[in-house]
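The values are calculated or read from the model by the stated rules, or taken from the named source; none is laboratory data. Not measured: the values here are computed from a predicted model. Every residue, glycine as well, gets a Cβ built from its backbone with ideal geometry; the counts of neighbours run over all protein chains shown. Keep in mind that these areas ignore ligands, DNA and RNA; they rest on the heavy atoms of the full protein, side chains included. Shrake-Rupley method; radii C 1.70, N 1.55, O 1.52, S 1.80 Å.
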2 protein chains.
Amino acid sequence: MASLMFTVSTSPLLHPSIRNNAFMPRRCIGHIRLHTTPSIRGCTLSIRSSSSPDAGFTCIDGKKEGKSISDEIKIEVSRMDASIHVVPGLAVILVGDSQDSASYVSNKKKACGSAGIKSVDVCLPEHSSEEDVLKHILSFNNDPSIHGILVQLPLPSHLNEANILNVIKKEKDVDGFHPFNMGLLAMRGREPDFVPCTPKGCIELLHRYNVEIEGKRAVVIGRSNIVGMPVAHLLQNEDATVTTIHSKTKNPEEIAREADILIAAAGQPNMVRGSWIKPGAVVIDVGINHIEDLNAPRGRRVVGDVCYEEACKVASAITPVPGGVGPMTIAMLLSNTLTSAKRIHEFE
Amino acid sequence: MASLMFTVSTSPLLHPSIRNNAFMPRRCIGHIRLHTTPSIRGCTLSIRSSSSPDAGFTCIDGKKEGKSISDEIKIEVSRMDASIHVVPGLAVILVGDSQDSASYVSNKKKACGSAGIKSVDVCLPEHSSEEDVLKHILSFNNDPSIHGILVQLPLPSHLNEANILNVIKKEKDVDGFHPFNMGLLAMRGREPDFVPCTPKGCIELLHRYNVEIEGKRAVVIGRSNIVGMPVAHLLQNEDATVTTIHSKTKNPEEIAREADILIAAAGQPNMVRGSWIKPGAVVIDVGINHIEDLNAPRGRRVVGDVCYEEACKVASAITPVPGGVGPMTIAMLLSNTLTSAKRIHEFE
């Protein structure tokens, strides 16, 4: 906590809620109560970007938070196994040969292993029919050892995403993409069975860094079903005033600059420049874009939607790419799978 | 059309899309293609508020538009009856003794009668149990002569609204309040079975008055499940940039003033003053608030969320209360009931 006091005195850019270290009741989204320890709350100063020109700037460390959540889940998984001899199980269906998708699936598998969650992968060839995919989903729907089913997106273009996702049993829809679940997420006073993993990870990071949401202006860049739309609802559910900007918005830069909390989920490398950011804003960069870089080992590297070098001179806090939202997405998938297993087996 | 040219020359406040009479392709929401005739498109000048100080100000006449839609529906109902001997049927369930609710139900019944739609009302006493209500819903779910089921809200406080609404068969959920339907409404690239009536009525008015939505700033005041949230999605689906403001928003007046299209659905009489409105904005007032007025015949009168007298000096167009959104809500209910009957009987 003392370290946070230090932050207060040195950084005019740091978000007031971090600067003032105001205690915010730890709200958990979804059904798992993730136990945030004081050491997590007080981590803002120990995580610094070496490229930051401002001593008070905070690089939001999704990798560290994701690891911490995974460790907490591991404890819960062990407790469940010891008590009722059930291990949560996640089935991942991958269709096609996309390297990126294969890499995500591999990361998910590793993360499941670390947390003690059983994972089952099905890799289907690019030309698979809808029936091929549905057959596996139906089988997992009926498999009592599987508590979460995830179809890796995007699917090859000949497959109808909606038809496929709608078949996943809603009790096992750990990605939270079923329309019924999305409706519950959008509606006030209702609780979704699962909060989609990336939006949940964004909000969890804001919580873990004590970023005040209530009454703040939030701007979400992008209106996708898997990030922009649900994250806008989550922010609004926590009483932010939310504007969603998109490809048809005429003055995105001007609107983005109104944001106390800026969520970039447009899928456009380095789209958000420093001039888009209100001084002191907290920026969550959801983008994972591969760009050419001849100096990089494989000739390309990953960047976010936000120009990090410029943003860190203006924002009070920002997630890096990689190491920001990505690891949180996977942590939230584990969290949702554990939630599902607990719910199905009525384990508290 | 000449009359619109006149509007152009006299009113700097009129919305550009009305001023310039730009042809906008007539987009229909939901599954019914409502046939807008040229006379409807050209109606802006013939509808004037006598209290408007500006000759170019447009009072958006929901009563007239609602009547026109009802007439179109009547023709379709007759055609359906003549072709397949099916008349659309709407069941309305009213619980309790609320005068307002009884009055709405009575209006709906009259409107059904005018359009040739069969209506069945069930009025249950205030103290009815959840089982009492569910029994009737289940019966209507299985009744082939009923194509739409509506439970009048709000329900008495001892009843669980979610439990009751979720039981309505989604094919007959003409209010569109089921989470599955709301999810489809919120998701890009998906189509809800039914668009909730009041939001659908708001958008229909914007269409019928040729208000350009794409690329415009829209501000929705209120985030309710039945108006604010779905209307925000409908506006965003038509490429507006939408901000939703609510009770926790710190500077609602300032944000409202950014709106080209302002939808007031807060349930607060006269909350939106002239100073909240950007000059030339189009204002849709969803509020129906009963306030005391000793000069009124029954000691009270109905006002909207917008202070009409002030708004009409600033806005280019506004819906009055009564006679604005209210009649459109009922027209959209008829439209959804017809859609449902057509869909169930595969009648085109």
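Listing for the model above:
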read-out	value
Conditions (1) within 14 Å of chain B (Cβ to nearest Cβ); (2) without any contact (Cβ under 8 Å) to a residue 40 or more places away in the chain; (3) on the phi > 0 side of the Ramachandran plot: number failed by A:G267	(2)
Single residue of the range B:192-203 satisfying the filter (farther than 12 Å from B:V231 by Cβ and open to solvent by less than 20 Å² (accessible area, probe 1.4 Å)) that is nearest to the other protein chains (Cβ to nearest Cβ)	B:P192
Residues of the range A:223-241 satisfying the condition of being open to solvent by 10 Å² or more (accessible area, probe 1.4 Å), facing chain B (nearest Cβ under 7 Å) and either acidic (D, E) or under 19 Å from B:I255 (Cα atoms) (or both)	A:Q236, A:D239
Hits in the range A:204-222 - residues which are open to solvent by 10 Å² or more (accessible area, probe 1.4 Å) and closer than 21 Å to A:L184 by Cβ	A:H207
Tally, over the range A:65-97, of residues that are open to solvent by 30 Å² or more (accessible area, probe 1.4 Å) and either assigned by TED's automatic domain parsing to the domain that holds A:T319 or more than 15 Å from A:A331 (Cα to Cα) (or both)	9
Test for B:S275: is it facing chain A (nearest Cβ under 10 Å) and surrounded by fewer than 19 Cβ atoms within 10 Å (Cβ to Cβ)	no
The listed residue being at positive phi and out of contact with any His (no Cβ under 9 Å at 6 or more places or on another chain), out of B:G176, B:G113	B:G176
Answer from A:K200, A:K250 - the residue that is among the basic types (K, R) and farther than 21 Å from B:M182 by Cα	A:K250
Single residue of the range B:164-191 satisfying the filter (touching a Lys or Arg at 6+ places or on another chain (Cβ under 9 Å) and assigned to a loop (DSSP other than H, G, I, E, B)) that is least open to solvent (accessible area, probe 1.4 Å)	B:G176
Among residues of the range B:90-147, those that are within 28 Å of B:E76 (Cβ to Cβ) and of a type in the set (D, E, K, R), counted	6
Counted residues, the range A:156-174 - those being closer than 20 Å to A:D100 by Cα and away from chain B (no Cβ under 13 Å)	4
Test: A:S128 is of a type in the set (S, T, Y), without any contact (Cβ under 8 Å) to a residue 12 or more places away in the chain, over 30 Å from B:S224 (Cα atoms) and out of contact with any Asp or Glu (no Cβ under 7 Å at 6 or more places or on another chain)	no
Long-range neighbours under 6 Å by Cβ, at least six apart or interchain, first residue closer than 18 Å to B:N141 by Cα within the range B:80-95, second aromatic (F, W, Y) and at pLDDT 95 or above	B:A91/B:F140
